[in-house]
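Let me begin by presenting the structure, written as structure tokens, before commenting on it.
We did not get these values from a lab; they are worked out from the coordinates using the rules stated. All figures in this text were calculated on a predicted structure; none of them were measured in a lab. Cβ atoms come from the backbone with ideal geometry, glycine included; neighbour counts cover every protein chain shown.
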Amino acid sequence: MTSESKAAPRDADANQAPGESPAPSVVDRLADGLFQLVLSPFVEIGALFTVLWQTLVQAVRPPYRVRLLLASAEFIGVGSIFLVSLTAFFIGAVLSLQLVDGFRDFGAQSQTGAVVGLGMARELAPVFTALMVSSRAGSAITTELGSMRVSSQIDALVTMAVNPIQYLVVPRVLAGLVTVPILTLVFDVVGMFGAYLVGVHLMGLDPGVFMERMRWLVDWDDVRQGLIKAAIFGFTIALVACRQGFHASGGAAGVGQATNRSVVQNAIAILALDYVVTAVVIGQGL
Amino acid sequence: MKRLFGGMGQASTPVETPEARADAVQIRIQDLHKSYGTHEVLKGLSFDIRRGKVNHIIGPSGSGKTVLMRQLVRLESPDSGQILVDGVDWATLHGLTLDRMRIKFGMVFQMSALFDSMTVFENVAFPLVEHTSMSKQEIRERVMDRLGILGVAAAANKSPAELSGGMQKRVAVARALVRESEVLIYDEPTTGLDPLTTQTVDELILETGERFGVTSIVISHDMASVFRIADRITFLNFGRVEATGTPAELLETLEPATLAFIKASGVSQDILDERSRNG
């Protein structure tokens, strides 16, 4: 357990006695700024992996906080169903609209169901679900933990001999790991419904052909690929959000900045991981 | 007071009389150093915390009070030096032993640090739920007892956000005391409070110390409060101990400039004269 903050607390300027430390020169400050710029991504990655390691260690240590896990799953999973469904419906609908319009030029509109299904299962469902969960739940997690940090609630946990990583981070990370794949399945179903509605009822595709082509091209391996990605995304979203909130500093402004970093880092992580996982799963591109 | 971990870490000392024990050193801080990067904040602090007394640690902003507090509750570890609690250097403890030692300490944070996702009752019950096998009924009785003693039983089902600053302080004290801590640390307990609430918090610190027999450590720069209730005062300046002792001893040893600082902080000459006479 590491509850130590590397930043000096608020009255840490005890050595500001007159004449003790000369002000650094402009060149020194410039060099220092450049060094910090180069170093900061490594510091960020190091901090994230430290939290990851602590989370893995604390996840297997009792007590197992099932009630907190369920509460986190309810917040991340159940609370995101509406947003994910809404996104899925419109993504499926617009994709169907574009594909029918595009494929019609060379008489391939019958492939719409297949292409939507494949794209949805492998890519769109896990990526869009993760982005939505990151926006809604990830930012909220960072804000909550950041507020707890700056109001000393996390320190209070430590002084009461409660490991804050185990109490605050482990339930949220496990909840992300479990609920984002489930939300991805919801995205698959609702997205296909949106695509079917537009393709068949608005664009005049044959319903039998739409479904049959989809069944022909999309199989369980495609869905599984999406679920593997979703699990990795869910774990990452919660971990990044917790790490940013857990180490927030600087009052309300600091919490805002931490939330901003959390959303940006999660978006980048989701897109980068998507490529890496895809390349690993299909065995090429790395 | 019943000791939760009575035998743990006690130095082997001869049998003490109650009076001697009451005046005994509970925490000894020896040559404590702490730096952040190149900033040395604590520069070799050495002083004692007396058992059962109200021990104030004072000093201007930037003197290292909060950094010292974070070492005292082991939120951070010192770079060098020792914090001996009943003879055990608790900077060297880890794991379960460290957690057991933490039970001896209760902490009342400056902003109370109550969990805003819980009610007042749940906040106070939290240490018992986490660390004991007490039944729900036993927990309820203990929590309501502490809330009753501190005069906030009626707020048990409210959320912390619904309480005034003074009431939040009382709930924070109840939470710190619910596991029968031996040492209570208050971080700037009267900062930002109005004079009437400040006086109430001062009385609360005194009453809590007397009723539960706990050692109180109060980090503060509210000089008026300090000279009203302190049994012992340690004055920090630029990360060093400027003076330590009873209020009377302190008033004798302080430089004229420091005395002027104390008077400028709102301490009346009457209080200083009274503490000089009575210690």
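Assorted remarks:
- Multiplying the residue separation of residue B:39 and residue B:96 by 0.36 nm and subtracting their alpha-carbon distance yields 17.3 nm.
- Hull volume in cubic angstrom per residue (convex hull over the Cα atoms of the protein assembly as shown): 196 Å³
- Share antiparallel - DSSP beta bridges, the protein assembly as shown, percent rounded to 5: 55 percent
- Cβ-Cβ distance of residue B:140 and residue B:31, R₀ of 51 Å, FRET efficiency by 1/(1 + (r/R0)^6): the value works out to about 0.65.
- With neighbours defined as other Cβ atoms within 10 Å of a residue's Cβ, the residues A:211, A:148, B:101 order from fewest to most as A:211, B:101, A:148.
- Helix A:26-59 vs. chain A, principal-axis angle (Cα, 0 to 90°, nearest 10): 70 degrees
- Counting all C-alpha pairs of chain B, share separated by more than 26 Å (%): 44 percent
- Under 19 Å from the residue A:83 label point (7 Å along Cα→beta-carbon), backbone N, the stretch A:218-244: A:230-244
- Treating r as the C-beta distance of residue A:202 and residue A:71 and R0 as 41 Å, the FRET efficiency rounds to 0.50.
- Cα centre as origin, Lys/Arg/Asp/Glu Cβ charges: the stretch A:136-286 dipole, Debye: 420 debye
- When DSSP beta bridges are restricted to pairs lying wholly in chain B, around 55% turn out antiparallel.
- Helix A:66-76 axis, angle to chain A major axis (alpha carbon atoms, nearest 10°): 60 degrees
- Hydrodynamic estimate: the Kirkwood radius of the stretch B:90-162 over Cα pairs, inserted into Stokes-Einstein at 20 °C and 1.002 mPa s, corresponds to D of 156 µm²/s.
- Test item: Cα-centred dipole of the stretch B:73-181, Lys/Arg +1 and Asp/Glu -1 on Cβ, debye: 300 debye
- Counting Cβ atoms of other protein chains within 10 Å of each residue's Cβ and taking the mean over peptide B:95-105 gives 2.
- Remark: B:170, A:149, A:172 ranked as A:149, B:170, A:172, counting other beta-carbon atoms within 10 Å and listing the fewest first.
- Over chain A: helical MRE at 222 nm, DSSP H runs n ≥ 4 each giving -39500 (n - 2.57), nearest 500: -24000 deg cm²/dmol
- Degrees between helix A:81-103 axis and first principal axis of chain A (Cα, 0 to 90, nearest 10): 50 degrees
- Taking one quarter of the surface of the C-alpha convex hull of the stretch B:180-261 gives a mean projected area of 6.0 nm².
- Between the listed residues B:233, B:208, B:168, the Cα displaced farthest toward the positive end of the dipole of the stretch B:137-236, a dipole computed from Cβ unit charges relative to the Cα centre, is found at B:168.
- In chain B, a dipole from Cβ-located charges (positive for Lys and Arg, negative for Asp and Glu) runs towards its positive end, and of B:251, B:153, B:37 it is B:153 whose Cα lies farthest in that direction.
- Inter-label distance, residue A:280 to residue A:61: 2.7 nm, where each label sits 7 Å from its Cα along the C-beta direction.
- Between the beta carbons of residue A:193 and residue A:264, assuming R0 = 35 Å, the FRET efficiency works out to 0.65 to the nearest 0.05.
- Shown for A:52, B:204, A:99: other C-beta atoms within 10 Å of each C-beta, ranked fewest to most, produce the order A:52, B:204, A:99.
- Here the protein assembly as shown is assigned +1 on the Cβ of each Lys and Arg and -1 on the Cβ of each Asp and Glu. Its dipole about the Cα centre then comes out at about 960 debye.
- Values of log10 I(q)/I(0), in the order q = 0.14, 0.15, 0.16, 0.18 Å⁻¹, for the stretch B:13-126 under a Debye, Cα-only, solvent-free model: -0.72, -0.81, -0.91, -1.08
- Modelled spin-label separation between residue B:253 and residue B:129, with each label point placed 7 Å from Cα along the Cα-to-Cβ direction: 4.6 nm.
- Largest first, the extents of the alpha carbon coordinates of the stretch A:201-263 on the three principal axes equal 59, 29, 9 Å.
- Counting only other chain Cβ atoms within 10 Å of each residue's Cβ, the peptide B:60-69 averages 4.
- Gyration tensor (alpha-carbon) shape descriptor, the stretch A:80-163, a/c threshold 1.5: prolate
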